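Novice: Mind looking over this structure? Questions follow.
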Amino acid sequence: MNRSTFRIAAAPAALLLTFSLAACGAANEGASTGPTTPAGGDTATGDTQAPAEEELSGSIAGAGASSQGAAMEAWKASFESMHGGVTVSYDPVGSSGGREQFLTGGTVFGGSDAYLKDEEVETAKTRCEGGEVIELPAYISPIAIAFNVEGVDKLQLSPETLAKIFTQEIKTWNDPAIAADNPDATLPDAAIAPVNRSDGSGTTKNFTDYLSAAAPDVWTHGAVDDWPVAGGTGGQGTSGVVDAIGRTAGAIGYADASQIGDLKTVEVKVGDSFVGPDPEAAAKIIDASPRVEGRGEFDFAVDIDRETQEAGVYPVVLAAYTMACTKYADANDAKLVKAFLSYIVSEEGQQVAQQNAGSAPISQTFRDNAMKAIEAIETE
């Protein structure tokens, strides 16, 4: 199985800040990327909330993946509006920088598109004052495969066909393999124009991780940050890819689902059906994926099951982790981290992230497991 690279009380609606989708697009151009394995659950429907009665004050700092930068900005703004004496900062330095700062004690929480390596987990035991490290994939972003083909409004593709398109083995839209996936479509005899990121990104890493896992006989390049196939059209950042798809006849490319605007999207084959990049289907992948073996009770790192055959699950996602400790040297740090993480994974917090960053709210099943970890944070 491939290692994946991968939001307390309700705030008044007036306090929920809406950030521009353009900011989200920039934020999503980041670095690459439970006690019982969660079973499938519905998208956030519960009422888990962190304590709102206690007076909180002080400041906490985090750093890490820029993929969840827009969500973090929304989370901290809403959290601070609820707790006037609290300041939260988050530096989107990238996943590796976030892990390094967290493990060396430079920050009290971190963000990463990849879960901690085994050796980093060992380092975390010291950083966490003898307590346990917490890893929560609390930010889930579906990656859409968007296309621009005249006369085609719906497109279904199996992983193998999709991989052949992006390796450029399939060159025209009326290719028999595409026709087999779309028996009711009228496909034009037109050239396919594949579009990819021209810069290294977590989006590319997760998309190629999907291709590598779901179509390994076709996609032999592995999971990589930099696009490995020459000859396509490169777009700088998410906005560059989206723009290239929109203005190029016959184009197909991949981008954060929240940024594709009016572009049409591919439904990928999962089991015996085809699934599109809607938030609920994307969130289900966390519940459908196994936890990483050999981790602590409160470490919810998962190996995303890109090969899942479970109905209604969309496997082309980026999952970003929030990292914390169950034990801190400073009791107030522990208290603030506990409250902030509780807000992040709460139904309200997940809605704030969806509204401002286009993410997929976690399921109630995962929320319940996440709260077990957060409640273990020692505040005395």
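The values are calculated or read from the model by the stated rules, or taken from the named source; none is laboratory data. A quick note: this is a predicted structure, and the numbers were derived from the prediction, not measured. In this analysis, Cβ positions are derived from the backbone assuming ideal geometry, glycine residues included, and neighbour counts consider all displayed protein chains.
Novice: If we scan the range 223-232, do we find a residue that is touching a strand residue (DSSP E or B) at 6+ places or on another chain (Cβ under 6 Å) and under 14 Å from Ile145 (Cβ atoms)?
Specialist: Scanning the range 223-232, I find at least one residue that is touching a strand residue (DSSP E or B) at 6+ places or on another chain (Cβ under 6 Å) and under 14 Å from Ile145 (Cβ atoms), so the answer is yes.
Novice: For Gly222, indicate whether it is touching a Pro at 6+ places or on another chain (Cβ under 9 Å), more than 30 Å from Pro183 (Cα to Cα), modelled with pLDDT of 95 or more and in the same structural domain as Pro159 (by TED's automatic domain parsing).
Specialist: Against the criterion (touching a Pro at 6+ places or on another chain (Cβ under 9 Å), more than 30 Å from Pro183 (Cα to Cα), modelled with pLDDT of 95 or more and in the same structural domain as Pro159 (by TED's automatic domain parsing)), Gly222 qualifies.
Novice: Please indicate, with yes or no, whether at least one residue in the range 193-212 is modelled with pLDDT of 95 or more, small (Gly, Ala, Ser), more than 18 Å from Glu150 (Cβ to Cβ) and within 27 Å of the chain's Cα centre (by Cα).
Specialist: Yes, because at least one residue in the range 193-212 is modelled with pLDDT of 95 or more, small (Gly, Ala, Ser), more than 18 Å from Glu150 (Cβ to Cβ) and within 27 Å of the chain's Cα centre (by Cα).
Novice: Mind counting the residues in the range 247-299 that are under 26 Å from Gln355 (Cβ atoms) and among the aromatic types (Phe, Trp, Tyr)?
Specialist: Selection size over the range 247-299: 1.
Novice: Another one. Return the total of residues in the range 149-191 being of a type in the set (Ser, Thr, Tyr), outside any loop (DSSP other than H, G, I, E, B) and farther than 25 Å from Arg306 by Cα.
Specialist: Going through the range 149-191 one residue at a time, the tally reaches 1.
Novice: Give, as residue ranges, the strands (runs of 3 or more DSSP E) completely inside the range 192-292 that count at least 2 residues that are surrounded by 21 or more Cβ atoms within 10 Å (Cβ to Cβ), hydrophobic (A, V, I, L, M, F, W, C) and out of contact with any Lys or Arg (no Cβ under 6 Å at 6 or more places or on another chain).
Specialist: 251-256, 264-270
Novice: Further, regarding this structure: I'd like to know if the range 102-110 contains one or more residues that are among the small types (Gly, Ala, Ser), touching a Phe, Trp or Tyr at 6+ places or on another chain (Cβ under 9 Å) and crowded, with 22+ Cβ neighbours inside 10 Å.
Specialist: Yes, the conditions are met somewhere in the range 102-110.
Novice: Can you tell me which of (1) in contact with a Leu (Cβ under 9 Å, 6 or more places away or on another chain); (2) in a loop (DSSP other than H, G, I, E, B); (3) among the acidic types (Asp, Glu) is the one Asp305 doesn't meet?
Specialist: (1)
Novice: Spot the failing condition for Ala376; the list is (1) crowded, with 20+ Cβ neighbours inside 10 Å; (2) closer than 24 Å to Lys117 by Cα, and only one is missed.
Specialist: With (1) crowded, with 20+ Cβ neighbours inside 10 Å; (2) closer than 24 Å to Lys117 by Cα applied to Ala376, the lone miss is (1).
Novice: Can you say whether Ala331 is among the small types (Gly, Ala, Ser) and surrounded by 24 or more Cβ atoms within 10 Å (Cβ to Cβ), as far as the supplied structure shows?
Specialist: It is false that Ala331 is among the small types (Gly, Ala, Ser) and surrounded by 24 or more Cβ atoms within 10 Å (Cβ to Cβ).
Novice: Are there any pairs, at least 6 apart or on different chains, whose C-beta atoms fall under 7 Å, with the first in the range 120-131 and on the phi < 0 side of the Ramachandran plot and the second assigned to a helix (DSSP H, G or I), and if so, which?
Specialist: Note: pairs meeting the criteria are Glu120/Arg99; Glu120/Leu103; Thr123/Leu103; Ala124/Leu103; Arg127/Leu103.
Novice: Which numbered condition in (1) charged (D, E, K, R); (2) surrounded by 22 or more Cβ atoms within 10 Å (Cβ to Cβ); (3) touching a Lys or Arg at 6+ places or on another chain (Cβ under 6 Å) is the only one that Asp299 fails?
Specialist: (3)
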